[in-house]
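The values are calculated or read from the model by the stated rules, or taken from the named source; none is laboratory data. A quick note: this is a predicted structure, and the numbers were derived from the prediction, not measured. Here Cβ is always computed from backbone atoms with ideal geometry, including for glycine, and neighbour counts include all displayed protein chains. Accessible surface is based on the protein model in full, side chains and every heavy atom, while ligands, DNA and RNA are left aside. Shrake-Rupley method; radii C 1.70, N 1.55, O 1.52, S 1.80 Å.
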Amino acid sequence: MPTRHGTAVTSENDKPQTSVPKSAKSQALTAVKGMNDLLPPTSAHWEWLEDKVRGLMARHAYRNLRTPIVEPTALFVRGLGEVTDIVEKEMYSFEDRLNGEQLTLRPEATAGVVRAVVEHNMLYDGGKRLYYMGPMFRHERPQRGRYRQFHQIGAEALGFPGAEVDAELILLAATLWQELGLQDVRLELNSLGQPSERAAHRAALIGYLEQHLEVLDEEAKRRLHSNPLRILDTKNPAMQSVVEAAPKLIDFLGEASLAHFNAVRAILDASGVSYRINPRLVRGMDYYNLTVFEFVTDRLGSQGTICGGGRYDYLIEQVGGKPAPAVGWALGVERVLELLKEQGSLPDAVGPDVYAIVPDASALPVVFATLQTLRTQGLSAQMHASAGEGMGSMKSQFKKADASGARLALIFGGDELARGEVTVKSLRDGQGAQISLPLSDVAVGVTHRLAQENARLQSA
Ligand code: ATP
Ligand code: MG
């Protein structure tokens, strides 16, 4: 018997426990805490941002990759590192009731991208440039700029070892800020070197931190031997001065790592992108090496990182693939939009080009045919729809037309229709006279009228 989960079950006992207690049934349900509905008109800002990203990615020859939202838990434990905030306390992990698999709602997408690239042997003919957009899930304390379901857009270049790809990705992000009109974003840059360099630094760091045990919080003490580098990423103000004076990884880099870092810097310098070297920038995941970077702003309080990324040359191997280098970043959509809103640079809401006023339902067949013509010509058109008995008075229809934000009203009155015409009236430009257009040529007439209005509004 198929259930609504689409799985065949053989007995009542196998049935998933999805029933709701009787007493709770009449209560209105609300969204899960920290997971938000996205409603119009705000959703239009998201579409605007996504369109900008798609255009930009296409112009950089990055191609879209879509991976599942649910992945095996082991992917993140192996990929992100066991001693990380995400794996230790932020993952939505659960057991599949039907087959016992350990699953997790993806907290980030890089691990899934790498899994997909390996699974489909995508690097067989050379490196790949990819991007994604979508929801991620982390069980954090919800606050401004920090949610439990949030959204990332990310770009990854896999199979390329050279610093020029690190620079390409950083410049791509910087170009996106420019095209969005985002201000007050600064770039912070660091190099984490290679594992052997990190090991030498790690020993020095542990030695140093052991001399300051009294200042370390519980979490830091716990991480002192398992992941001391992450202590440098602490948000605890009481630990800042100790962390600031700690041995710097950058002083432990060998010749090749330094050369890579300098090559990235040289391209950024030549491209006029400014940055600050932040020796304490370590990033939240274990998988990074060499270049790491963040774009940060002071205008969003403590949720100031809008985009972060770096090189992760060992992750592909970690996830079971043939070793291959990679580099990428992810931006937080909510934070980017919040910053744009803060700056007043989100685009205004746009209504349809045309709102169809329908005095009598007998006109509906002509209305449908006419609007269809307009839409095939690329114009947007909204039809008045009845809200009860009849189509509603002209007054109430015009009120709806105004509220829709439409530029023009098309009035499908009986007398005009009998002459093969429709009346067009401006809703936003008081100077435009009411005129009749032949139905046979309505798209040309409407387009002309919109152009006239644009010219008038621009010169005003
Ligand atoms: P933070 O230090 O703020 O927790 P992070 O280092 O955990 O950030 P990353 O894993 O690097 O974040 O994710 C990349 C980007 O995704 C962040 O720079 C941020 O813009 C966004 N982001 C991360 N977690 C959240 C969240 N819970 N809610 C909203 N956006 C988030
Ligand atoms: Mg975090």
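The residues listed here are ALA356, ALA349, ALA369, ALA361; of these, the one that is over 23 Å from ALA163 (Cα atoms), modelled with pLDDT under 95 and more than 11 Å from ligand 1 (Cβ to nearest atom) is ALA349. Assess whether GLU95 counts as being within 16 Å of ligand 2 (Cβ to nearest atom), open to solvent by 50 Å² or more (accessible area, probe 1.4 Å) and free of Cβ contacts under 8 Å to residues at least 24 places away in the same chain. Spelling it out, it is not the case that GLU95 is within 16 Å of ligand 2 (Cβ to nearest atom), open to solvent by 50 Å² or more (accessible area, probe 1.4 Å) and free of Cβ contacts under 8 Å to residues at least 24 places away in the same chain.
In segment 313-421, counting only strands (runs of 3 or more DSSP E) that sit wholly within it, the ones holding 2 or more residues that are closer than 30 Å to THR175 by Cα, under 37 Å from the mean Cα position of the chain (by Cα) and in contact (Cβ under 8 Å) with a residue 12 or more places away in the chain span 326-332. Checked against (1) out of contact with any strand residue (DSSP E or B) (no Cβ under 8 Å at 6 or more places or on another chain); (2) on the phi < 0 side of the Ramachandran plot; (3) part of a loop (DSSP other than H, G, I, E, B), ASN36 meets all criteria but (1).
Quick one: GLY301 ticks every box in (1) touching a residue at least 12 places away in the same chain (Cβ under 8 Å); (2) more than 30 Å from LEU182 (Cβ to Cβ); (3) small (Gly, Ala, Ser) except a single one, so which number is it? The one condition GLY301 does not meet is (2). Suppose the filter is at pLDDT 95 or above and either away from ligand 2 (no atom under 16 Å from the Cβ) or not assigned by TED's automatic domain parsing to the domain that holds PRO107 (or both); does LEU331 pass it? Answer is no for this residue. The single residue among VAL87, VAL83, VAL53 that is assigned to a helix (DSSP H, G or I), within 16 Å of ligand 2 (Cβ to nearest atom) and among the aliphatic types (A, V, I, L, M) turns out to be VAL87.
Could you please find all residues in segment 347-372 being closer than 20 Å to GLY414 by Cβ and polar (S, T, N, Q)? If the condition is that a residue be closer than 20 Å to GLY414 by Cβ and polar (S, T, N, Q), then SER362, THR370 are the ones that fit. Scan ALA220, ALA238, ALA266, ALA256 and give me the residue that is farther than 30 Å from ALA174 by Cα and out of contact with any Asp or Glu (no Cβ under 9 Å at 6 or more places or on another chain). Among ALA220, ALA238, ALA266, ALA256, only ALA220 is farther than 30 Å from ALA174 by Cα and out of contact with any Asp or Glu (no Cβ under 9 Å at 6 or more places or on another chain).
When LYS221 is tested against (1) over 30 Å from GLY55 (Cβ atoms); (2) within 16 Å of ligand 1 (Cβ to nearest atom), exactly one condition is not met: (2). Working only within segment 111-137, note down all residues that are within 30 Å of ASN36 (Cα to Cα), open to solvent by 40 Å² or more (accessible area, probe 1.4 Å) and not in a helix (DSSP H, G or I). Result: MET133, single match. When ARG335 is tested against the conditions (1) under 25 Å from PRO237 (Cβ atoms); (2) exposed (fewer than 14 other Cβ atoms within 10 Å of the Cβ), the lone failure is (2).
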